[in-house]
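**Q** Would you mind keeping the following structure in view while I ask a few things?
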Amino acid sequence: MNYSVNINGIDVNAKYSDNSIEHVLLPILKRASSLCKELNRRIIVYVAAPPGAGKSTLCSFLQKLSEDNKDVEEVQAIGMDGFHRRQEFLESHFTHRDGKKIKMVEIKGAPETFDLDKLAGKIDELKENNIVKWPVYDRLLHNPVEDAVIVDRQIVFLEGNYLLLKEDGWKELSKKADLTIFISADANMLRNRLIDRKIKSGNSQKKAEAFVDYSDMVNVDICLNSSSKADIVLNLGVDGEYRFDKSTIRKMILAKRDELSVSERIHYSRRIFDKVINTSMYEKADNILIYASMGSEVITDDIINHALSNGKNVFCPKCTDTKNGIMEFVKITSLSDLNKGYYGIREPLLSDDSVLYGASVLANDTNQKTEITTCSENAKSALMIMPLVAFDADNNRIGYSGGYYDRYLCRVPNIPRIGIAFEVQRFADAIPVETHDVKAEHIITEC
């Protein structure tokens, strides 16, 4: 969808794909709507991002999208740019940069060039009053325009660079939000966008580049590296599309999985069990590498017991180096061999008699006399049944963020892999993929 809007005196033309609208933007609006209904009051959503990340345009579009969609509450988008100190103030007051005393106007847009106390007071007004007058910033006038907007809706999206800044004063400001969003992006891409924006404000190419490199890019670095973790993190791609990052997808899907009742998990796990044991991959495997389930995960006890009763070797993961994210697969003979270990995970114990599957870091790096079963040369005799938090249509997966399985599969490659999950763990959009990620060859759900 093409979207044209005037932001702070500058005409902006943006485009949001149907995929982005359906899988990113509408879910954000639905989450805000649900929170507003749950709290039964006005909620304030912070959208923090470095300069050039398109947050003002995005929030304006979210407002329009909410107005056009009956499934969500209407939201109102406002910005913190109206709290820039006035140009005459910045020209007559000084600060320090790189050990030099300079006029504040030379780094306009830095945290210290905003009236933080005034901003905090206005946010308090939003929380206390149904109708609040709000300032906006005009890039052509180079000054705020007071009382330019009337804020009267129950869901307010407030955007700004430093709303999640981990500095005194700003830290206190971040606590006033009900929901927080952060947009991350490549710094070089942001530089190009900022130079283009500066030129559209009436500056020459040379002057635009000089200001962006001296002032804006410092602020980009501050935002990217000194902001608190948000409830929702979006990544801005080179194609201009916003996508959820892995941590946000993980939280969203885990919340869905945790909503399943105990009876649903038991029923679905049984259906998954029936599917797994009837695959040719399982039937052919002499060695089963499988996690011991916990919490709201797909229950694996029946699979483990079935494999043991059919004479298969069963290996369960044991975290051996939590600092470096290293695990081993240790042979068990029954479920009673498992004990609560790292993060409450059911793990086998390690002893001098333990049997490990594949090349072992532990055996190479310690004096412990541990027997090793080296089956990786004949990977077809093995099957790994992997846990996962989320998966997509291409079998890309998100785990619990430790990277244990990716590292293990680098050491012991070519093991056939099945991921098991509930259908609610399916992510409708594509999952972000990094070079070290190892995906499952097949994913089995109850459906």
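The values are calculated or read from the model by the stated rules, or taken from the named source; none is laboratory data. Not measured: the values here are computed from a predicted model. Here the Cβ is made from the backbone with ideal geometry for all residues, glycine too, and neighbour counts use every protein chain on show. Just so you know, the surface numbers come from the protein's heavy atoms only, side chains and all, with ligands and any DNA or RNA stripped out. Shrake-Rupley method; radii C 1.70, N 1.55, O 1.52, S 1.80 Å.
**Q** Which condition number does Leu163 fail, the rest of (1) within 20 Å of the chain's Cα centre (by Cα); (2) open to solvent by 80 Å² or more (accessible area, probe 1.4 Å) being met?
**A** If we test Leu163 against (1) within 20 Å of the chain's Cα centre (by Cα); (2) open to solvent by 80 Å² or more (accessible area, probe 1.4 Å), just (2) comes out false.
**Q** Looking at region 119-148, which of its residues are assigned to a helix (DSSP H, G or I) and open to solvent by 50 Å² or more (accessible area, probe 1.4 Å)?
**A** Step one: list which residues in region 119-148 are assigned to a helix (DSSP H, G or I), which gives 119-128.
Matches in region 119-148: Asp124, Glu125, Lys127, Glu128.
**Q** Can you name the residue in region 288-340 that is open to solvent by 10 Å² or more (accessible area, probe 1.4 Å), within 22 Å of Ala421 (Cα to Cα) and polar (S, T, N, Q) and, of all such residues, is farthest from the chain's Cα centre (by Cα)?
**A** Among those that are open to solvent by 10 Å² or more (accessible area, probe 1.4 Å), within 22 Å of Ala421 (Cα to Cα) and polar (S, T, N, Q), it is Asn305.
**Q** Please find, within region 77-96, the residue that is nearest to Arg153 (Cα to Cα) out of those that are in contact (Cβ under 8 Å) with a residue 40 or more places away in the chain and open to solvent by 20 Å² or more (accessible area, probe 1.4 Å). Reasoning before the result, please.
**A** Narrowing region 77-96 to residues in contact (Cβ under 8 Å) with a residue 40 or more places away in the chain: 77-84, 86-87.
From what's left, open to solvent by 20 Å² or more (accessible area, probe 1.4 Å): 77, 81, 84, 86-87.
Numbers: Ala77: 10, Asp81: 20, His84: 24, Arg86: 28, Gln87: 31 Å.
Per the stated criteria, the residue is Ala77.
**Q** Does Thr300 count as modelled with pLDDT under 95, touching a strand residue (DSSP E or B) at 6+ places or on another chain (Cβ under 9 Å) and not small (Gly, Ala, Ser)?
**A** Values: modelled with pLDDT under 95: no; touching a strand residue (DSSP E or B) at 6+ places or on another chain (Cβ under 9 Å): yes; not small (Gly, Ala, Ser): yes.
Judged against the criteria, Thr300 is not a match.
**Q** Something else now. Say whether the condition of being more than 22 Å from Val220 (Cβ to Cβ), touching a residue at least 40 places away in the same chain (Cβ under 8 Å), open to solvent by 20 Å² or more (accessible area, probe 1.4 Å) and among the basic types (Lys, Arg) is met by at least one residue in region 58-76.
**A** Yes, the conditions are met somewhere in region 58-76.
**Q** Another question about this same structure. For region 1-13: of the residues being farther than 13 Å from Lys64 by Cα and surrounded by 10 or more Cβ atoms within 10 Å (Cβ to Cβ), which is modelled with the highest pLDDT?
**A** Here is the first cut: in region 1-13, the ones farther than 13 Å from Lys64 by Cα are 6-13.
Those still in the list that are surrounded by 10 or more Cβ atoms within 10 Å (Cβ to Cβ) too: 7-10, 12.
On the way: Ile7: 80, Asn8: 72, Gly9: 71, Ile10: 75, Val12: 85.
The selected residue is Val12.
**Q** Let me ask something else about it. Quickly run through region 222-232 and pick out the residues that are touching a residue at least 60 places away in the same chain (Cβ under 8 Å) and in a helix (DSSP H, G or I).
**A** Ile222, Cys223, Leu224
**Q** For region 105-118, how many residues meet the condition of being assigned to a helix (DSSP H, G or I) and touching a strand residue (DSSP E or B) at 6+ places or on another chain (Cβ under 8 Å)?
**A** Let us first name the residues in region 105-118 that are assigned to a helix (DSSP H, G or I), namely 105-107, 111-113, 116-118.
Keeping just the survivors that are touching a strand residue (DSSP E or B) at 6+ places or on another chain (Cβ under 8 Å) gives 106-107, 111-113.
The qualifying residues number 5.
**Q** For region 328-356, name all the residues that are in a strand (DSSP E or B) and among the aliphatic types (A, V, I, L, M). Full working, then the answer.
**A** At the first step, the residues of region 328-356 found to be in a strand (DSSP E or B) are 328-332, 338-340, 346-348, 355-356.
Once the filter is applied, which keeps residues that are in a strand (DSSP E or B) and among the aliphatic types (A, V, I, L, M), region 328-356 yields Val330, Ile332, Leu338, Val355, Leu356.
**Q** Can you name every residue in region 262-287 that is of a type in the set (S, T, N, Q) and under 31 Å from the mean Cα position of the chain (by Cα)? Let's see the steps before the verdict.
**A** Quick first cut of region 262-287, residues of a type in the set (S, T, N, Q) only: 263, 269, 278-280, 287.
Result: Ser263, Ser269.
Every residue, every condition in (1) touching a Ser or Thr at 6+ places or on another chain (Cβ under 6 Å); (2) of a type outside the set (A, V, I, L, M, F, W, C), yes or no:
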| site | (1), (2) |
| --- | --- |
| Val314 | no, no |
| Glu328 | yes, yes |
| Asp337 | no, yes |
| Pro348 | no, yes |
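**Q** Would you confirm whether or not region 22-43 contains a residue that is of a type in the set (S, T, N, Q), surrounded by fewer than 19 Cβ atoms within 10 Å (Cβ to Cβ) and not in a helix (DSSP H, G or I)? Walk me through it before giving the result.
**A** First, the residues of region 22-43 that are of a type in the set (S, T, N, Q): 33-34, 40.
Still in the running and surrounded by fewer than 19 Cβ atoms within 10 Å (Cβ to Cβ): 34, 40.
Cutting the leftovers down to not in a helix (DSSP H, G or I) gives us 40.
Yes, region 22-43 contains at least one residue that is of a type in the set (S, T, N, Q), surrounded by fewer than 19 Cβ atoms within 10 Å (Cβ to Cβ) and not in a helix (DSSP H, G or I).
**Q** How many residues are touching a residue at least 12 places away in the same chain (Cβ under 8 Å) and either assigned to a helix (DSSP H, G or I) or surrounded by fewer than 13 Cβ atoms within 10 Å (Cβ to Cβ) (or both) when one looks only at region 168-190?
**A** In the first step, residues of region 168-190 are kept if they are touching a residue at least 12 places away in the same chain (Cβ under 8 Å); the result is 169-174, 176-187, 189-190.
With either assigned to a helix (DSSP H, G or I) or surrounded by fewer than 13 Cβ atoms within 10 Å (Cβ to Cβ) (or both) added as a condition, the list becomes 170-174, 187, 189-190.
Number satisfying all stated conditions: 8.
**Q** Moving on to the next point. Can you tell me how many residues within region 410-429 are assigned to a loop (DSSP other than H, G, I, E, B) and open to solvent by 50 Å² or more (accessible area, probe 1.4 Å)?
**A** Let us first name the residues in region 410-429 that are assigned to a loop (DSSP other than H, G, I, E, B), namely 412-416, 421-422, 427-429.
Next, only the ones that are open to solvent by 50 Å² or more (accessible area, probe 1.4 Å) stay: 413-414, 428.
So the count comes out to 3.
**Q** So, in region 222-276, of the ones that are open to solvent by less than 50 Å² (accessible area, probe 1.4 Å) and of a type in the set (Val, Ile, Thr), which residue ends up nearest to Leu289 (Cα to Cα)?
**A** For region 222-276, the residue satisfying everything is Val276.
**Q** Based on what the data block shows, is Thr113 surrounded by 14 or more Cβ atoms within 10 Å (Cβ to Cβ), within 21 Å of Asp168 (Cα to Cα), without any contact (Cβ under 8 Å) to a residue 60 or more places away in the chain and not aliphatic (A, V, I, L, M)?
**A** Details: surrounded by 14 or more Cβ atoms within 10 Å (Cβ to Cβ): yes; within 21 Å of Asp168 (Cα to Cα): yes; without any contact (Cβ under 8 Å) to a residue 60 or more places away in the chain: yes; not aliphatic (A, V, I, L, M): yes.
Taking the combined requirement at face value, the residue satisfies it.
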